[in-house]
Structure formats: structure tokens, C-alpha cells
Amino acid sequence: MAKVKVEFKVNNREVQVEVDPTERLLDTLRERLNLTGVKEGCAVGECGACTVLFDGEAINSCLIPTVQAEGKEVLTIEGLGTEDELDPLQQSFIDYQAVQCGFCTPGMILSAKALLNKNSSPTREDIKGAIDGNLCRCTGYEQIIQAVQNAADGEVEA
């Protein structure tokens with residue numbers, strides 16, 4: 001099958017890749033661009049481990065062919081915050097112990113980020129709805145909901 005050239009922005013950086021037309025965005029991010037914060041859990045869009053922001057919307061990158069990223073902006077966990085200063089949402093996840101094994105954390109944070117970008121004062125129900133597609137087997141979700149709520153309220157410890 002002939003390769004297709006795809007140009008898009010990842011974490012505010014222009015990238016160009018040649019991919020098989022059926023290659024998933026998840027695989028391109030992990031294998032070609034070495035952005036391993038994007039995880040593969042179920043490969044069928046049920047767990048949310050592969051969540052990225054795609055033009056600001058939380059999507060499952062295991063369901064999107066890379067060719068659909070042409071001209072789009074993708075944000076992965078690696079593009080949120082910096083090495084010197086975490087995004088407030090990342091800091092809140094640490095402060096409120098919303099991470100256990102960490103496998104779901106990147107997708108969970110990006111789903112929450114998509115919510116906070118649209119709604120800076122979400123209710124508990126808004127938060128639950130935003131992370132509904134992200135599975136966590138460790139935390140019981142309460143710490144995650146608290147972390148998102150506290151990041152929205154600006155109660156993140158520095």
C-alpha cells in the first residue's frame with residue numbers, strides 16, 4: 001500500500017510523517033514520534049488510555065487514522081506543562097493523589113483538560129461526564145474528581 005504524507009502539529013511542533021493510510025494516530029504518536037505518554041489499553045476506544053486532544057477535543061487516538069490529522073493540532077501529555085513547571089491540572093493530580101499506577105493518568109488528565117478549556121467552573125457531574133470514557137482500576141475516581149475540581153477552583157499547591 002502506498003504511503004501518504006501527513007502534516008500536522010503535535011504539542012505545538014509541526015511534524016510531517018509518511019504513513020500507511022490505515023495507520024492509527026496512536027501508533028504514529030508512540031512509534032514514530034516517541035510520545036509514549038499515549039497508552040494503548042483496549043485498542044477499541046473503550047478505556048481512554050490513548051486519549052489526546054485533537055483540535056481541542058478529547059479523542060481516542062486508537063480509533064483515528066493518522067491521515068485524519070492532516071492540518072490538525074494534537075496535544076499529548078508531553079505537551080502539557082513543561083519540565084520545569086507542570087500544568088496546574090497535572091500538579092493537582094499529584095496534590096490530590098489522583099495517580100496510582102499511572103497508566104490511565106495521561107488520558108484522564110487530557111480528558112479533564114478538554115473539559116476545563118470549555119468550562120472553567122465544572123460541576124461534579126460535568127467532571128464525571130468528561131472522564132466517563134476513561135477507565136481507572138486503581139483510584140476509585142474520587143481523587144481524580146477532586147483533583148479536577150480543585151484545579152478548576154485554582155486550589156492547586158505550587
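Listed here are the residues, each with its yes/no results for (1) outside the structural domain of residue 51 (by TED's automatic domain parsing); (2) touching a Lys or Arg at 6+ places or on another chain (Cβ under 9 Å); (3) surrounded by fewer than 19 Cβ atoms within 10 Å (Cβ to Cβ); (4) modelled with pLDDT of 95 or more.
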| residue | (1), (2), (3), (4) |
| --- | --- |
| 96 | yes, no, no, no |
| 106 | yes, yes, no, yes |
| 115 | yes, no, no, yes |
| 124 | yes, no, yes, yes |
| 139 | yes, no, no, no |
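Considering the conditions (1) buried (at least 18 other Cβ atoms within 10 Å of the Cβ); (2) of a type outside the set (S, T, N, Q); (3) in a loop (DSSP other than H, G, I, E, B), residue 84 is excluded by exactly one of them, (1). Regarding residue 111, is this residue within 21 Å of residue 43 (Cβ to Cβ), outside any loop (DSSP other than H, G, I, E, B) and not aliphatic (A, V, I, L, M)? Spelling it out, residue 111 is indeed within 21 Å of residue 43 (Cβ to Cβ), outside any loop (DSSP other than H, G, I, E, B) and not aliphatic (A, V, I, L, M). Taking the conditions exactly as written (of a type in the set (Phe, Trp, Tyr) and part of a strand (DSSP E or B)), does residue 93 satisfy them or not? Spelling it out, it is not the case that residue 93 is of a type in the set (Phe, Trp, Tyr) and part of a strand (DSSP E or B).
Identify all residues within region 14-27 that are of a type outside the set (A, V, I, L, M, F, W, C), touching a residue at least 40 places away in the same chain (Cβ under 8 Å) and either surrounded by 14 or more Cβ atoms within 10 Å (Cβ to Cβ) or out of contact with any helix residue (DSSP H, G or I) (no Cβ under 7 Å at 6 or more places or on another chain) (or both); write none if there are none. Hits for region 14-27 are 22, 23, 24.
Which residues, counting only those in region 118-146, are farther than 19 Å from residue 101 by Cβ and of a type in the set (A, V, I, L, M)? Step through it out loud before you land on a result.
Filtering region 118-146 for residues farther than 19 Å from residue 101 by Cβ gives 118-130, 132.
Correct list: 127, 130.
Filtered by the rule that a residue be on the phi < 0 side of the Ramachandran plot and surrounded by 15 or more Cβ atoms within 10 Å (Cβ to Cβ), region 69-81 gives 69, 72, 73, 74, 75, 76, 77, 78, 79, 80. On the given criteria, is residue 42 over 15 Å from residue 75 (Cα atoms) and surrounded by fewer than 18 Cβ atoms within 10 Å (Cβ to Cβ)? In short, yes.
The values are calculated or read from the model by the stated rules, or taken from the named source; none is laboratory data. Bear in mind the structure is a predicted one, so any value in this text is a computation, not a measurement. Heads up, the Cβs are rebuilt from the backbone with ideal geometry, glycines too, and the neighbour counts pull from every protein chain shown.
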